[in-house]
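A short worksheet on the structure shown next.
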Amino acid sequence: MKKIVIIFSVSLTLLVLLLIWIISDNKNDTLSRFEDHLRDDNFSFETYELNEDNLFNLELVGKKPVHFRISEEDSLHVYSYPFNIQAPIAKGSFRAKTETYDMVSYNLYTINNLFIIYEYNSEIDNVNEELDNSIKRFN
């Protein structure tokens with residue numbers, strides 16, 4: 001009986017570790033696929049850092065975003081989560097935390113486990129349609 005309990009415990013532990021590995025691998029894979037998708041659509045970008053107090057650098061649902069500068073006018077702030085359900089929660093949290101601020105122009109997207117904020121130039125208030133469509137096509 002003791003052997004059965006030990007075998008069951010070891011099996012359960014291995015299963016949990018496997019699930020954790022799969023979840024973390026999928027999360028990183030989605031962000032990597034999104035980057036590849038942007039490159040395939042001929043967008044070049046660089047990652048950059050924002051000040052801690054910047055509203056596009058908020059910690060949402062326990063995560064900080066990765067920031068991509070597409071051009072002087074266009075930036076993406078991408079949150080990658082282990083579970084798809086967390087992206088819409090992050091979107092709601094972002095709206096709740098920023099609703100009283102006078103912010104620049106931006107669009108919000110939830111795609112799979114990603115919550116994406118597309119920040120664009122508020123002076124011309126002109127979204128880059130090609131970038132907007134590229135984000136919407138990603139899945």
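The values are calculated or read from the model by the stated rules, or taken from the named source; none is laboratory data. None of these values were measured; they are calculated from a predicted model. Cβ atoms come from the backbone with ideal geometry, glycine included; neighbour counts cover every protein chain shown.
Just one of the numbered conditions (1) of a type outside the set (Phe, Trp, Tyr); (2) modelled with pLDDT of 95 or more; (3) over 29 Å from Asp102 (Cβ atoms); (4) not in a loop (DSSP other than H, G, I, E, B) is not true of Pro88; which one?
Only one criterion is unmet by Pro88, namely (3).
On the given criteria, is Glu119 among the acidic types (Asp, Glu) and in contact with a strand residue (DSSP E or B) (Cβ under 8 Å, 6 or more places away or on another chain)?
Numbers: among the acidic types (Asp, Glu): yes; in contact with a strand residue (DSSP E or B) (Cβ under 8 Å, 6 or more places away or on another chain): yes.
Taking the combined requirement at face value, the residue satisfies it.
Name the residue that is nearest to Leu76 (Cα to Cα), counting only residues in segment 48-58 that are in contact with a Lys or Arg (Cβ under 9 Å, 6 or more places away or on another chain) and surrounded by 11 or more Cβ atoms within 10 Å (Cβ to Cβ).
Of segment 48-58, the ones in contact with a Lys or Arg (Cβ under 9 Å, 6 or more places away or on another chain) are 48, 55, 57-58.
Going one step further and asking which of them are surrounded by 11 or more Cβ atoms within 10 Å (Cβ to Cβ), we end up with 55, 57-58.
Working: Leu55: 13, Asn57: 11, Leu58: 14 Å.
My answer is Asn57.
Determine if segment 53-76 includes at least one residue that is basic (Lys, Arg), assigned to a loop (DSSP other than H, G, I, E, B) and either modelled with pLDDT of 90 or more or under 20 Å from the mean Cα position of the chain (by Cα) (or both).
Yes, there is a match, as at least one residue in segment 53-76 is basic (Lys, Arg), assigned to a loop (DSSP other than H, G, I, E, B) and either modelled with pLDDT of 90 or more or under 20 Å from the mean Cα position of the chain (by Cα) (or both).
Identify all residues within segment 97-137 that are assigned to a loop (DSSP other than H, G, I, E, B) and either modelled with pLDDT of 95 or more or among the polar types (S, T, N, Q) (or both); write none if there are none. If you could, list the steps in order and put the result at the bottom.
Looking only at segment 97-137, we keep the residues that are assigned to a loop (DSSP other than H, G, I, E, B), and these are 99-104, 112-113, 121-128.
Within segment 97-137, Thr100, Asn112, Asn113, Asn121, Ser122, Asn126, Asn128 meet the criteria.
Filter segment 74-103 down to the residues that are in contact (Cβ under 8 Å) with a residue 12 or more places away in the chain and of a type in the set (Gly, Ala, Ser) and list them by number.
Just the residues of segment 74-103 that are in contact (Cβ under 8 Å) with a residue 12 or more places away in the chain, to begin with: 74-84, 86-91, 93-95, 97-98, 101, 103.
Selection gives Ser75, Ser80, Ala87, Ala90, Ser93.
Any residue at all in segment 71-83 that's closer than 16 Å to His37 by Cα and small (Gly, Ala, Ser)?
So far as segment 71-83 goes, yes, one or more of its residues are closer than 16 Å to His37 by Cα and small (Gly, Ala, Ser).
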